[in-house]
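Asker: I am attaching a structure below and will ask some questions about it afterwards.
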Amino acid sequence: MQFTCHLEDLVIAVSNVQRAVAAKSAIPALEGILLRTTNSALFLAGFDMDLGITTTIPATVKEPGEIVVSSRLFGDIVRKMPGDTATFVCDDKGNTTIRSDVTSFTITGISAADYPELPSVDDGVGFTLPQELLKSMIRQTIFAVAQPNDPRPIYSGTKFELSPGNLKLVSVDGYRLAMRSEPVDTEETISFVVPGKTLQEVLKLLGDEEETVSFAVGRRHVVMSIKGYAVISRLLDGEFMAYQRTIPQEIKTTVFANTRELMNAVDRASLVINDRMKSPLVCDFHDETVSISCSTPIGSASDSVKVKIDGQEELMGFNSRFLLDALKNSETDAIRIELNGALSPMKILPAEGDSFLFLVLPVRLKK
């Protein structure tokens, strides 16, 4: 195999695909990047059996072929190579020489025959979304995804619910819920759960351009095409929470607040809380004010924010981090808080409409 390509294109491509490379694997090839030449392009892939990222960059190909090279070493080399272009020559034994200007490296590759076949979705459901919209929807829901080691693996991902004219993203971790809904131009109906790890990588590829993201959803995998990259992900199996049952229907108190003012007050009061000194953040909704307080062995704090309250007064306790996460991800200047008693989840919505909904479970306060 022999080809030449622009170093800048290669560095960007390697930096992106290597995020899907396995850090450690029983299959050595999965710790590398697959390089495969076509007539006038270089195909690159990283894959850890759950997540794959692939792309293609222009190249001048003299001899076609394919090889797997160490992700860490190859990435370090191309990032530090001088010049504008680099030439790659790979012999029959897998020895790969990389040259640019007067600099030359030779590294040992692994046969591409040892690289697992990348999953494909040929007969799945397809739809498209604007990049900026998908970016916002993921950002507003991914914070509520459960940790990968959660005993309920299905909660470590975000559920996509596609129905004619609408897309809804839902994340839950047992203590909170984040939901975002938007109208979309589709007649398809499908639901699937994408791992949070995949969506974190998707966020890094998404921009604010007017380009679209194409989805192809199969029974086991989803492929998302983003700006010349394909993100291939295993879908999570299992029964997702019947989350609609957890959303309180009755409203006893409605609070309208400035998002930043409330977020800053919660952030300040949380300074006396740490991983060892956990204590609920007390929110007292009364007299057009939210009084926020917290007391731990290392100190106490109190703050207040002026709000508009319709309904009965309420005294509630919350996990400060969960409440702060919801406020930070509201992405709106003003919010509407709906309460249904001290032990019912707090609902956080935009001041007008219901494009997003966050639920935060309260903490029972000691009498």
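Asker: If G165 passes every condition in (1) within 30 Å of I33 (Cβ to Cβ); (2) open to solvent by 30 Å² or more (accessible area, probe 1.4 Å); (3) of a type in the set (G, A, S) but one, which one does it miss?
Answerer: So G165 meets the others, but not (1).
Asker: Also: Checking I232 against (1) of a type in the set (V, I, T); (2) open to solvent by less than 20 Å² (accessible area, probe 1.4 Å); (3) out of contact with any Pro (no Cβ under 7 Å at 6 or more places or on another chain), only one condition comes out false. Which one?
Answerer: If we test I232 against (1) of a type in the set (V, I, T); (2) open to solvent by less than 20 Å² (accessible area, probe 1.4 Å); (3) out of contact with any Pro (no Cβ under 7 Å at 6 or more places or on another chain), just (3) comes out false.
Asker: Filter the range 255-266 for residues that are of a type outside the set (V, I, T) and either free of Cβ contacts under 8 Å to residues at least 24 places away in the same chain or more than 16 Å from S300 (Cβ to Cβ) (or both); which is most open to solvent (accessible area, probe 1.4 Å)? Quick ask: steps written out before the conclusion?
Answerer: In the first step, residues of the range 255-266 are kept if they are of a type outside the set (V, I, T); the result is 256-258, 260-265.
Within this subset, residues satisfying the condition of being either free of Cβ contacts under 8 Å to residues at least 24 places away in the same chain or more than 16 Å from S300 (Cβ to Cβ) (or both) are 256-258, 260-264.
Working: F256: 72, A257: 8, N258: 62, R260: 153, E261: 96, L262: 12, M263: 28, N264: 60 Å².
Ranking the candidates gives R260 first.
Asker: List pairs: first residue in the range 72-85 and touching a residue at least 60 places away in the same chain (Cβ under 8 Å), second residue surrounded by fewer than 12 Cβ atoms within 10 Å (Cβ to Cβ) and not in a helix (DSSP H, G or I) anywhere in the structure, Cβ distance under 7 angstrom, at least six positions apart or on different chains.
Answerer: G83/D101
Asker: So, in the range 311-331, exactly how many residues are of a type outside the set (A, V, I, L, M, F, W, C), open to solvent by 10 Å² or more (accessible area, probe 1.4 Å) and over 20 Å from the mean Cα position of the chain (by Cα)?
Answerer: Applying the first criterion (of a type outside the set (A, V, I, L, M, F, W, C)) to the range 311-331 yields 311-314, 317, 319-321, 325, 328-331.
Subset that is open to solvent by 10 Å² or more (accessible area, probe 1.4 Å): 311-314, 319-321, 325, 328-329, 331.
Okay, now just the ones that are also over 20 Å from the mean Cα position of the chain (by Cα), so 311-314, 319-320.
Selection size over the range 311-331: 6.
Asker: Show me the strands (runs of 3 or more DSSP E) found entirely inside the range 106-180 where at least 3 residues are modelled with pLDDT of 95 or more.
Answerer: On the way: elements: 125-130, 157-163, 166-172.
So the answer is 157-163, 166-172.
Asker: Among the listed residues T128, T87, T96, T106, which satisfies the condition of being among the hydroxyl-bearing types (S, T, Y) and buried (at least 17 other Cβ atoms within 10 Å of the Cβ)? Don't jump to the end; show me each part of the working.
Answerer: On the way: T128 fails: buried (at least 17 other Cβ atoms within 10 Å of the Cβ); T87 fails: buried (at least 17 other Cβ atoms within 10 Å of the Cβ); T106 fails: buried (at least 17 other Cβ atoms within 10 Å of the Cβ).
Answer to the check: T96.
Asker: Give me a count of the residues in the range 12-34 that are open to solvent by less than 10 Å² (accessible area, probe 1.4 Å) and either among the charged types (D, E, K, R) or in contact with a strand residue (DSSP E or B) (Cβ under 6 Å, 6 or more places away or on another chain) (or both). Spell out the reasoning first.
Answerer: Filtering the range 12-34 for residues open to solvent by less than 10 Å² (accessible area, probe 1.4 Å) gives 13-14, 17, 20, 29-30, 32-34.
Next, only the ones that are either among the charged types (D, E, K, R) or in contact with a strand residue (DSSP E or B) (Cβ under 6 Å, 6 or more places away or on another chain) (or both) stay: 13, 17, 20, 29, 32-34.
The total comes to 7.
The values are calculated or read from the model by the stated rules, or taken from the named source; none is laboratory data. What you are looking at is a predicted structure, and each value in this text was computed from that prediction instead of being measured. Please note: Cβ atoms are built from the backbone with ideal geometry, for glycine as well, and neighbour counts cover all protein chains shown. Quick note on the areas: whole protein, heavy atoms, side chains included, nothing else; ligands and nucleic acids left out. Shrake-Rupley method; radii C 1.70, N 1.55, O 1.52, S 1.80 Å.
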